[in-house]
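The values are calculated or read from the model by the stated rules, or taken from the named source; none is laboratory data. Bear in mind that the values here come from a model prediction, so they are computed numbers and not experimental data. Cβ placement follows ideal geometry from the backbone for every residue including glycine, while neighbour counts extend to all protein chains displayed. With ligands, DNA and RNA removed, areas are computed over all heavy atoms of the protein, side chains included. Shrake-Rupley method; radii C 1.70, N 1.55, O 1.52, S 1.80 Å.
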Amino acid sequence: MAKILNNILCTAMIFAITFLWTYYGIKDTTVAAVLSLVVALCSSYLLYRALSKWESAKNAKKQRKKAVNDFAEYLKYGENNAKLFAELFEYYNYAITPIDYDNFIATKNGKCFVAVCFEQNALTQDGLRKAVVCAKRNEADKLFVLAAKIDQPLVKAANARITTTFIDAANAYELLEQCDKLPQIPSARKTQTGFAAKYAFNRKRFGWYMLSSLFMLVISVVSYFPWYTLSWSTVMFALALYCLLNKRYNPTRTAVSID
């Protein structure tokens with residue numbers, strides 16, 4: 001709706017400016033109006049296309065960001081992240097030697113230790129230290145660290161000790177997508193909160209409905225349409241009673257909810 005309104009306002013402004021400039025130039029109202037209308041309609045079309053393209057790109061970027069965040073959250077609770085990324089390295093012709101559920105060795109023109117560190121929202125110093133130590137213990141020539149987010153100071157700290165390649169969630173997602181290795185991420189179950197109904201029929205709304213009912217009742221005494229206002233008074237009173245007595249939108253408060 002906002003895009004349409006903005007387009008209308010811009011079109012009207014283009015028409016007005018074009019009309020005035022044209023009219024001052026040729027002193028002919030009809031010609032100025034026709035030319036201004038043509039310019040305004042063409043500009044409106046181009047503006048609409050530009051706004052649509054910009055909005056599509058914005059939505060695509062937003063969806064991409066959400067997909068990467070869901071991917072990182074999925075890996076945070078993954079039971080075998082090493083297997084997932086081992087398949088990625090195998091796609092690039094690495095020989096894989098499993099170690100555990102979060103680490104493996106990939107060999108191709110050298111021995112690489114791969115540490116999958118998605119337990120936290122960002123790579124921690126302790127997580128990096130463990131990865132570097134494990135790489136050295138396994139006599140690796142290079143270290144790959146995969147994590148949701150990587151801070152620059154950790155990059156310098158790791159490379160000072162062993163050649164390290166860092167892959168964050170966005171790049172990991174893109175690599176798996178290119179190789180058609182993305183896992184099936186279960187979508188979160190949507191819960192029907194019924195926020196509007198809970199707000200409208202909560203016991204806290206009882207006073208508002210009761211006051212409205214009393215107001216309409218008083219108005220009905222002096223109104224030219226008493227049946228109309230009396231009907232609304234009755235409806236408001238019924239809503240007040242419903243808010244006061246219903247249990248659906250007034251659940252019992254407990255320390256723990258399983259709803």
Kindly provide the set of residues from segment 82-107 that are crowded, with 16+ Cβ neighbours inside 10 Å, among the aromatic types (Phe, Trp, Tyr) and assigned to a loop (DSSP other than H, G, I, E, B), ordered by number. 94
Residue under question is residue 116, and the condition is that it be assigned to a helix (DSSP H, G or I), crowded, with 19+ Cβ neighbours inside 10 Å and modelled with pLDDT of 90 or more; does it hold? no
Residue pairs meeting the criteria (Cβ under 7 Å; at least 6 apart or on separate chains; first over 15 Å from residue 211 (Cβ atoms) and among the aliphatic types (A, V, I, L, M), in segment 222-250; second open to solvent by less than 40 Å² (accessible area, probe 1.4 Å) and in a helix (DSSP H, G or I)): 230/220
Hey, can you tell me all the residues within segment 149-174 that are modelled with pLDDT of 90 or more, open to solvent by less than 50 Å² (accessible area, probe 1.4 Å) and either in a helix (DSSP H, G or I) or among the aliphatic types (A, V, I, L, M) (or both)? 162, 167, 169, 170, 172, 173
Look through segment 41-81, keep the residues that are surrounded by 13 or more Cβ atoms within 10 Å (Cβ to Cβ) and of a type in the set (D, E, K, R), and return whichever of them is farthest from the chain's Cα centre (by Cα). 76
Could you list, ordered by first residue, the pairs with Cβ atoms under 7 Å in which the first is in segment 105-127 and touching a residue at least 12 places away in the same chain (Cβ under 8 Å) and the second is basic (Lys, Arg), at least 6 apart or interchain? 105/111; 110/142; 112/142; 118/76; 119/76; 121/149; 122/149; 123/149
Whichever residue in segment 215-224 is open to solvent by less than 50 Å² (accessible area, probe 1.4 Å) and in a helix (DSSP H, G or I) and, among such residues, is farthest from residue 244 (Cα to Cα): 220
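For every residue, the table says whether it meets (1) part of a helix (DSSP H, G or I); (2) among the aliphatic types (A, V, I, L, M); (3) in contact with a Cys (Cβ under 9 Å, 6 or more places away or on another chain); (4) modelled with pLDDT of 80 or more.
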{"residue": "189", "(1), (2), (3), (4)": "no, no, no, no"}
{"residue": "198", "(1), (2), (3), (4)": "yes, no, no, no"}
{"residue": "206", "(1), (2), (3), (4)": "yes, no, yes, no"}
{"residue": "209", "(1), (2), (3), (4)": "yes, no, yes, yes"}
{"residue": "213", "(1), (2), (3), (4)": "yes, no, no, yes"}
{"residue": "227", "(1), (2), (3), (4)": "yes, no, no, no"}
{"residue": "232", "(1), (2), (3), (4)": "yes, no, no, yes"}
{"residue": "236", "(1), (2), (3), (4)": "yes, yes, no, yes"}
Give 94, 101 a once-over and let me know the one that is hydroxyl-bearing (Ser, Thr, Tyr) and touching a Lys or Arg at 6+ places or on another chain (Cβ under 7 Å). 94
